[in-house]
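The values are calculated or read from the model by the stated rules, or taken from the named source; none is laboratory data. From a predicted model like this one, the values you see are computed outputs, not experimental measurements. Every residue, glycine as well, gets a Cβ built from its backbone with ideal geometry; the counts of neighbours run over all protein chains shown. Note: accessible area is taken over every heavy atom of the protein model, side chains too, but ligands, DNA and RNA are not part of it. Shrake-Rupley method; radii C 1.70, N 1.55, O 1.52, S 1.80 Å.
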Amino acid sequence: MVAESVFRTVRYRRLLPLLGPAFVAAIAYVDPGNVAANLTAGSRYGYLLVWVLVLANTIAVLVQYQSAKLGLVTDRTLPELIGQRLNRPSRIAFWVQAEIVAAATDLAEVIGGAIALYLLFRLPLLVGGVIVGAVSMLMLMVQTRYGQRSFESVIMALLGVIAVGFVAGVVVDPPDAGSVVSGLVPRFAGTDSVLLASSMLGATVMPHAIYVHSALVRDRFSGRDRADGHVHLLRATRWDVIGALGVAGLVNIAMLLLAASSLQGMSGTDTIEGAHAAVVSALGPTIGLVFAIGLLASGLASTSVGAYAGATIMQGLVHKQIPLLLRRAITIIPALVVLGLGIDPTWALVVSQVVLSFGIPFALLPLLRLTSDRRLMGVAVNSRVMRWTMTVVVALVALLNLGLVYLTLAGG
């Protein structure tokens with residue numbers, strides 16, 4: 001018994017240093033777009049759509065593990081592998097759509113951070129956007145100067161802040177356990193709930209998170225780490241993905257439960273600012289402050305990871321590499337233009353999610369095909385069960401995103 005306990009301790013000590021890449025990718029699942037969707041779902045329909053988040057998180061675990069496995073086994077990123085299989089015109093076209101999707105994602109994240117600074121300090125949104133961009137550049141400097149592990153540590157710390165920011169309200173005002181359990185039963189309450197569920201599930205799988213996870217794992221595990229072989233690293237990667245996406249899933253569910261238990265039926269909760277005001281009204285200024293801090297951490301972390309993902313996309317598809325900080329300065333311009341023109345930030349968030357939806361199949365279909373290629377993956381190739389499971393996941397997410405686009409353009 002003692003020997004077994006010692007063995008487990010040694011095994012866990014070997015495992016812990018290998019965790020981290022999935023926590024960076026998981027930031028995409030708790031960005032300001034998720035905040036808006038989850039709060040709206042809870043305030044409108046209570047606990048009805050809890051099951052959507054459980055399903056979305058399960059899909060996220062499957063997809064992100066596939067991306068991580070691809071990067072680990074092949075020592076190449078998903079964009080690199082896609083680019084190698086396309087001729088030049090197709091590769092350029094693929095890169096353009098991927099960059100547009102990354103820009104749309106970054107738009108939502110910068111706007112979310114700017115809204116948080118407005119809530120905290122009443123700063124104008126444009127000023128807040130500039131500050132978010134500047135701070136994200138400082139965070140990227142950590143990765144450039146001190147390496148990926150330091151960057152992972154910063155992102156994991158921010159994920160902790162996000163978790164506290166959105167879980168605190170649920171702790172103060174716990175939801176009814178019976179209602180939460182009832183929310184696990186799949187059902188809808190009219191067309192609007194279907195649209196909202198499609199938005200929650202369809203926007204969960206982020207293209208940039210899929211692209212960047214393969215790069216994060218490839219860059220993290222090299223040299224001495226690979227000496228133990230892929231089996232040990234794949235095991236560590238599974239735990240990394242399960243742990244990271246587990247935290248992100250709990251945060252998302254906490255957002256919905258907070259809205260369901262404290263904000264249901266209140267007016268104005270279809271915007272982040274309105275939801276914050278409702279939180280302050282229902283739970284007090286302290287919880288409102290913690291909520292805003294969590295939103296700020298979400299915007300800062302997610303926009304930094306988005307810039308990292310954009311660099312991965314460019315390098316893999318067009319074999320060009322510009323300094324990460326210069327890329328950050330360029331890619332923040334669209335968000336600042338939107339904020340400077342005074343465009344409604346909530347509307348901009350909705351549009352960004354629609355644009356994002358177009359990029360989902362372009363990331364998922366190649367991922368499925370590549371991870372099912374025995375010549376490429378060897379013994380780590382997808383099993384028949386996994387191939388069918390991923391096929392269903394790809395079809396489901398693609399259909400939901402197409403439905404989301406159609407319903408949004410049709411006005412719901």
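Structure values in brief
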read-out	value
Carbon plus sulfur fraction of accessible area for the range 233-280, probe 1.4 Å, in percent	62 percent
Around Gln143: net Lys/Arg minus Asp/Glu count, Cβ-Cβ under 13 Å	+3
Selected from Ile115, Gln84, Met139, residue furthest toward positive end of dipole (the chain; charges at beta carbon)	Gln84
Degrees separating the helix 360-371 axis from the principal Cα axis of the chain, which is the longest one	30 degrees
Using alpha-carbon coordinates, inclination of helix 384-409 to the longest axis of the chain, degrees	40 degrees
Check: the chain dipole with +1 on Lys, Arg Cβ and -1 on Asp, Glu Cβ, in debye	1620 debye
Among Gln264, Gln84, Gln64: highest mean-square fluctuation, GNM of the chain, C-alpha pairs under 10 Å	Gln84
Accessible surface of the range 147-220 [probe 1.4 Å, protein heavy atoms]: carbon and sulfur percent	69 percent
Shape call, the range 356-405: gyration tensor on alpha carbons, a/c limit 1.5	oblate
Acute angle (nearest 10 degrees) that the helix 2-15 long axis makes with the longest principal axis of the chain, alpha-carbon atoms	80 degrees
With every protein chain in place, the range 311-357: carbon and sulfur % of accessible area (1.4 Å)	73 percent
Net dipole in debye of the range 75-141 [+1 Lys, Arg Cβ; -1 Asp, Glu Cβ; about Cα centre; nearest 20]	140 debye
Candidates Ala104, Ala116, Ala157: whichever shows maximal mean-square fluctuation once the chain is modelled as a Gaussian network with Cα springs under 10 Å	Ala157
Formal net charge of residues neighbouring Val355 (Cβ-Cβ distance under 14 Å; K, R +1; D, E -1)	-3
Interatomic Cα distance distribution for the range 208-344, bins of 10 angstrom, percent	9, 26, 28, 24, 11, 2
Per residue accessible area of the chain, 1.4 Å probe, in Å²	41 Å²
Gaussian network model of the chain, springs between alpha carbon atoms under 10 Å - residue of Val379, Val394, Val154 with greatest fluctuation	Val379
For Rg/Rh (Cα atoms, Kirkwood Rh), calculated from these coordinates, the label among (i) 1.03; (ii) 0.96; (iii) 1.07	(ii)
Tail fraction, Cα-Cα pairs, the range 274-355, threshold 15 Å, whole percent	71 percent
The chain: calculated mean residue ellipticity at 222 nm from DSSP helix runs of at least 4, using -39500 (n - 2.57)	-26500 deg cm²/dmol
Mean-position separation - Cα centroids, the range 292-354 and the range 171-222, in angstrom	21 Å
Formal net charge of residues neighbouring Leu365 (Cβ-Cβ distance under 15 Å; K, R +1; D, E -1)	+2
